[in-house]
Amino acid sequence: MGKSKTNKFKRPQFNSVGLPATTVKEEDAEEDYHGDDSCPAAELLEKLQSPSADVREFACASISRVVQQSQTIPVFLQRDAVRRLGPLLLDKSLAVRETAAGALRNLSACGGQEVCEDMVKHDVMTPLTALLRESCAGFESAAVAMKDQKNAVEDVANEAVNLLWNLCESSSQSLSMFNKAGLLDLVVQCLERHPHNVELAISAAHCLHTVTEDNPELLCSVNAAVLGVVERVLLTSQPGMAHTLLRTLAAGTLWNMKGSLPAARQTQTLNAVVATLSQCLGLDTGTVIPELRQAEEARNRDTPAAADLEDQAAGVLAVAEMDEEEEAPKRNRNGKAVRVDNDVSDLLPRDKEELREATALLTAQQTSLEIIVNMCCSDDPSDDEWEEESSSDESDMGPDGLCDGVSNLMSPLCLSAEVHEALNNHSIPEKVLKKTEFPRKEAMDVCQQTPSWRSLIKKMQRVQSRALTCLHSILSTMDAESLGGAAALQAAAQHLSTLVFGAAEIPKDEEFLEAVISAMRSLLQMIASKNIPQCMTPQQLMSLSEAATHCDVVSVRVNAVAVLGITGSTLAKEKGTAETLQMIGNALLQVATRDTNLVVNGEALDALFDVFADGEEAETAAKNIQLLPALKALQPVFKAKIRKEGRGKYSPQQLCVLDNIKVNLRRFIGYLETVVKK
């Protein structure tokens, strides 16, 4: 079916929200929004027109809080909230500007793509652009006036940049307007505030990381001044996890802007990018998180008000945990689905320094892993569960399934010598493998025992899943020798085996399963191609396949079937394996016949072709499970299913592969008929 290939990670949207006050309870919100005239949305929106700046500020702040409960958003949209809030971005009062931007920011973050498109339709980009221009123009004068006090102009800019980030993440129209309005220079100005306002700089870096991805129109306008600012941020050395996150985002932005780099500086910049990612991944969350929690406890003992902040943070994060339990919402830009991460770090009280640091560390590590995946992955937007070619076409590829003839330094998928060398020189494969381990018990216990830290558990688990996906990408694009040879690959296989089979039952978390099975598939492909013995027993792999069949994620089922195919084709070359091949064959037949998805059916058939293609053991097993009559019975059903369902549900690339499999099925049945006549 072709080599398994990981799609690029689109920038995750962090649902950072503006003004942290008391959290609205779900049940209270539901009750409040069933009414009509008595609906608080109407009252709050009415107060936006008040002549009193204090009242307008209060209304904006209240809306900002209430819309954190997503079920309240439709009521506000029906009452034209976006059109009413937009003009307040240019209110005479800075406090109103900040809270209005915060309310729109929360609406965009919690409401998803539909709300963002509604904002664009109501021309929110016009006042937002004007607000950013005014804010950036006032940075220096405000800094002089405020001296050591809180800089209100920068706080307004922070809300505005986050709103802009949300809109550009979810709306291609916003991105186009970003390009045409020349907003790049304004966001870069916000990034330059990093020496004394890292929060604003991080918001700007998140925005830059988003808008520079897959945006050739913008990249054409990137000049030496922009590159210089981002490079200087990359080379900063301030301690702390916030600065680690800032440098990581700068690294990702430079990778996105690789085509704009002067040829003479490409290698140097590449090494600086990879070194930053390596340094970030080298930080041990199992040690850092308990240390940060201890520091918080020590500070709380000396701060009487700390208990109130703890309760406030716990309430904020309780809502986040409820959101995490639901399937992550998806945004769509340029036709690509984007899984949304519900990061609530900006909801936290500003005095929760240690929790903010812990959140920044985990965000930085997740982002680092996503950047490495993007370094290894194709830019082809048509990538899906399958590539265009079937397994019969793999002979046209170079060693280890890599394509030939590409020498551009920064070219993804076919890693250039320089990228390959940089990843190895900075021990990226080893550090990624380390991150695939389950989160350390010490860190998990600390987070479990502290309500306000509990949401970090999901973030640690997500880092592990991203590491497994990253390992899959590395295995798909680097050769066995670069990864340490046979011994290292066997150790990696043993490690993955422990992750999956170490507990009493196989983990059922879909995100974990999807990542670990894709990594396992890539590793087994490499091991099989090098004739290296692998440590996973057929019985273990069967149990994995059984667990995968109950998973709703198609790619999990596809990869589980592929793993059985790789294992079976290897066993078919050995003596005394007929019984095991029968077990694998029956499992694949069941999937080919019963799975509701044609992609999975096709992968199962393709695996059957590989397992039973040759050898005495395969012939014996095929006869024992009545493979020939089973495939003859399946053939017309498979053809009819393609004809009936194919056009509406599957992409042209997938249909191309399915047609190929249909032809191969006919040929394979002919081959089995000759075997029977022997």
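The values are calculated or read from the model by the stated rules, or taken from the named source; none is laboratory data. Bear in mind the structure is a predicted one, so any value in this text is a computation, not a measurement. Using ideal geometry, Cβ is built from the backbone for each residue, glycine included, and neighbour counts are taken over all protein chains shown. Protein only, heavy atoms only, side chains kept; ligands, DNA and RNA dropped before computing areas. Shrake-Rupley method; radii C 1.70, N 1.55, O 1.52, S 1.80 Å.
A compact table of results
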quantity: Options SER465, SER455: the member that is in contact with a Phe, Trp or Tyr (Cβ under 6 Å, 6 or more places away or on another chain) and small (Gly, Ala, Ser); calculated: SER465
quantity: Residue list for region 598-619, filter: surrounded by fewer than 19 Cβ atoms within 10 Å (Cβ to Cβ) and part of a helix (DSSP H, G or I); calculated: GLU616
quantity: Flag for GLU442 being under 29 Å from ALA360 (Cβ atoms), touching a residue at least 60 places away in the same chain (Cβ under 8 Å) and surrounded by fewer than 16 Cβ atoms within 10 Å (Cβ to Cβ); calculated: yes
quantity: Residue that is at pLDDT below 90 and surrounded by fewer than 18 Cβ atoms within 10 Å (Cβ to Cβ), where the choices are ASP54, ASP37; calculated: ASP37
quantity: Exclusive hit being touching a Lys or Arg at 6+ places or on another chain (Cβ under 9 Å), within 24 Å of HIS426 (Cβ to Cβ), at pLDDT 95 or above and of a type outside the set (D, E, K, R), set VAL274, VAL233; calculated: VAL233
quantity: Residues being modelled with pLDDT under 90 and crowded, with 18+ Cβ neighbours inside 10 Å - total across region 454-492; calculated: 5
quantity: Candidates ALA205, ALA275, ALA225, filtered to the one that is on the phi < 0 side of the Ramachandran plot and open to solvent by less than 10 Å² (accessible area, probe 1.4 Å); calculated: ALA205
quantity: Candidates GLN525, GLN539, filtered to the one that is more than 19 Å from ASN597 (Cα to Cα), open to solvent by 30 Å² or more (accessible area, probe 1.4 Å) and touching a residue at least 60 places away in the same chain (Cβ under 8 Å); calculated: GLN525
quantity: Residues satisfying the stated conditions in region 269-301, i.e. farther than 16 Å from VAL233 by Cβ and among the polar types (S, T, N, Q); calculated: ASN271, SER278, THR285, THR287, GLN294, ASN300
quantity: Every pair of residues 6+ apart whose Cβ atoms lie under 8 Å, when the first sits in region 648-675 and is in a helix (DSSP H, G or I) while the second is at pLDDT 90 or above and open to solvent by 70 Å² or more (accessible area, probe 1.4 Å); calculated: LYS662/LYS639; ILE669/LYS632
quantity: Within region 620-639, considering residues that are of a type in the set (A, V, I, L, M, F, W, C) and within 14 Å of LEU665 (Cα to Cα), the one most open to solvent (accessible area, probe 1.4 Å); calculated: VAL637
